[in-house]
Amino acid sequence: MQTQTQTQTTTTTPPQKQQQQHMAMTTTTVSRPAMDDVQEAAAKATEDDIMTKGRRRVDDGFFDAGKPPPFRIGDVRAAVPEHCWRKSPWRSLWYVARDVAVVAALGAAAAAGADSWAVWPLYWAAQGTMFWALFVLGHDCFSDSPTLNSVVGHLLHSFILVPYHGWRISHRTHHQNHGHIHRDESWHPITEGLYRQLETRTKKLRFTVPFPLLAFPVYLLYRSPGKTGSHFLPSSELFSPKEKGDVMLSTTCWCVMLASLFAMACAFGPAQVLKMYGLPYLVFVMWLDLVTYLHHHGHHERLPWYRGEEWSYLRGGLTTVDRDYGWINKIHHDIGTHVIHHLFPQIPHYHLVEATKAAKPVLGRYYREPQKSGPLPRHLLGVLLRSLRVDHFVSDRGDVVYYQTDHDLNTTAKGWAAQNHHKQK
């Protein structure tokens, strides 16, 4: 079937060969000063030979986000106040205690008196949002102690059925390779060649709500299309031999939590466990998929993706997008400040807003100001739906590429919807 597409990929002339040493850290492990110096030096060196091209941008009203920026990552780092880099274990633990207390209070209230179907949906939404807040805390740069990070991470993530080390390691890969078509780990685009090999039903599931918002458990089991392995198996290509023990520990904790849920289902009934835990877990998954997708997709300006020598740690990080979630910002610990989080994951969540404000003058037009939200971020549903209609695949060729649209898929989707509507009548 011949498919219409948007304008073909944009390609720039590759600069001199860049260094291949990039940041090798995780958002949840110790941030050592020596490691920071090496990472920053590598990122600076990567940008040195493309800065001149970035400065040659013509300020004529047109902005090409795929062009090299006229600044280095060290320039952005220097703009961030020194205290923003300091982590306070006690402050981090206070946020954990607060969120755990809210989760416990919601659960106790629901168990005691939420026997009305008018109340249960409110509980599911509130508790699922708090599950998401726990996930953000477990993924945060919690402290300079790997032991404390691991203990808190396992307690929080195992409770919401996330294998802590398995996910932590894959998320580290995502941060190291953000914006790279082939090496990025989550929500990266699929190439046109792979897209053409997918069955029509698979394409529809991938780009039709609510299915993309339920992808996280599948990703944990099987990773993304075109990749192999699992977050639960120590033998997965995601992990190095020295990380297998960590993965086994996290998978064991995950199994213990799953067994606990089965035990509670036997004691109190499956329906009660579904209402108290299962449906909030579903809301949590939808939050996670919505937020992580929209931090890398859906901006009204086209977002570049890179491969080959055009990619660098800085340019990849600048393809991320901040979002405003209204009242939810503080509940999920300002995760919407995603650009600075990607460039410097060692900054704890309670300093991200201040660090973002300080870095914006350096980032200039490479920072995309988020659309202001009302109390609830209902506008993001429209952003999501539009992105799923137009962001389907990228070209197999070119080192700087942009999403293209399979117009036939949208036509097919409308046809199926009309057909199903007719059958229901």
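Computed from the coordinates by the stated procedures, all read-outs in this text should not be read as laboratory data. This is a predicted model, so every value here is computed, not measured. Heads up, the Cβs are rebuilt from the backbone with ideal geometry, glycines too, and the neighbour counts pull from every protein chain shown.
For a quick check: with amide H placed at 1.01 Å from N, whose amide H comes under 5 Å from F239's, ignoring anything fewer than 5 positions away on the same chain?
Amide H neighbours of F239, under 5 Å, 5+ apart: none.
Can you find, among H182, W94, F159, the residue farthest towards the positive end of the dipole of the range 90-215? Put +1 on the C-beta of Lys and Arg, -1 on that of Asp and Glu.
H182
How high is the relative contact order of the range 77-411, given as a whole-number percent (alpha carbon pairs under 8 Å, six or more residues apart)?
Normalised by residue count, the contact order of the range 77-411 is 24 percent.
Where does the range 94-246 land on Rg(C-alpha)/(2.2 N^0.38 Å)?
In units of the globular-protein estimate, the range 94-246 measures up at 1.24.
Under the Karplus relation 6.51 cos²θ - 1.76 cosθ + 1.60, θ = phi - 60°, what is the ordered set of whole-Hz ³J(HN,Hα) values for the range 262-270, x standing for Gly and Pro?
5, 5, 5, 5, 5, 7, 10, x, x
With the dipole of the range 77-411 worked out from charges on the C-beta (+1 for Lys and Arg, -1 for Asp and Glu) around the Cα centre, which of H231, G374, W117 lies farthest toward the positive end?
Highest projection toward the positive end goes to G374.
Largest first, please: the extent of the C-alpha atoms of the range 95-178 along each principal axis, to the nearest Å.
47, 25, 17
Kindly provide the Kirkwood hydrodynamic radius of the range 246-389 in Å, to one decimal, from all pairs of distinct alpha carbon atoms.
17.9 Å
Which whole-Hz couplings ³J(HN,Hα) result when phi for each residue of the range 189-197 is put into the Karplus expression 6.51 cos²θ - 1.76 cosθ + 1.60, θ = phi - 60°, listed in order with x for Gly and Pro?
x, 9, 6, 4, x, 5, 4, 5, 7
For T191, which sequence-distant residues (separation of 5 or more, or a different chain) have an amide H within less than 5 Å of its own amide H, given hydrogens modelled in the peptide plane?
HN-HN under 5 Å from T191: V394.
Give me a comma-separated list of calculated 3J(HN,Hα) values for the range 95-111, in order, Karplus coefficients 6.51, -1.76, 1.60 applied at θ = phi - 60°, integers in Hz, x for any Gly or Pro.
So the J values, rounded to whole Hz, are 4, 4, 4, 4, 5, 4, 4, 5, 4, 5, 5, 5, x, 5, 5, 5, 5.
Expected output is a single nm value to one decimal: the length gained when fully extending between E199 and F232, i.e. 0.36 nm times separation in residues minus the C-alpha distance. What is it?
Once the chain is fully extended between E199 and F232, it gains 9.2 nm.
Using only the Cα atoms of the range 319-376, what do you get for the radius of gyration and for Dmax, in Å?
Here Rg and the maximum Cα pair distance are 11.0, 30 Å.
Between the alpha-carbon centers of the range 169-218 and the range 241-257, tell me the distance in whole angstrom.
Cα centroid to Cα centroid, the span is 25 Å.
From the alpha carbon gyration tensor of the range 77-411, can you work out the equivalent ellipsoid semi-axes (sqrt of 5 times each eigenvalue) and give them in Å, largest to smallest?
31, 25, 22
Looking only at Cα atoms, what is the convex hull volume of the range 154-219 per residue, in Å³?
100 Å³
At what distance in angstrom do the alpha carbon centres of the range 333-371 and the range 127-145 lie from each other?
18 Å
Under 30 Å between alpha carbons: how many lysine pairs meet that in the range 77-411, if sequence neighbours fewer than 8 apart on the same chain are excluded?
17
So, counting K/R as plus one and D/E as minus one, what does the shell of residues with Cβ under 14 Å around S92 add up to?
Local net charge: 0.
Please sort 217-228, 124-135 by packing, taking for each peptide the average over its residues of neighbouring beta carbons within 10 angstrom, highest first.
Result, highest mean first: 124-135, 217-228.
How large is the dipole of the range 77-411 about the Cα centre if only Lys and Arg carry +1 and Asp and Glu carry -1, each at its Cβ, rounded to the nearest 20 debye?
Computed about the Cα centre, the dipole is about 220 debye.
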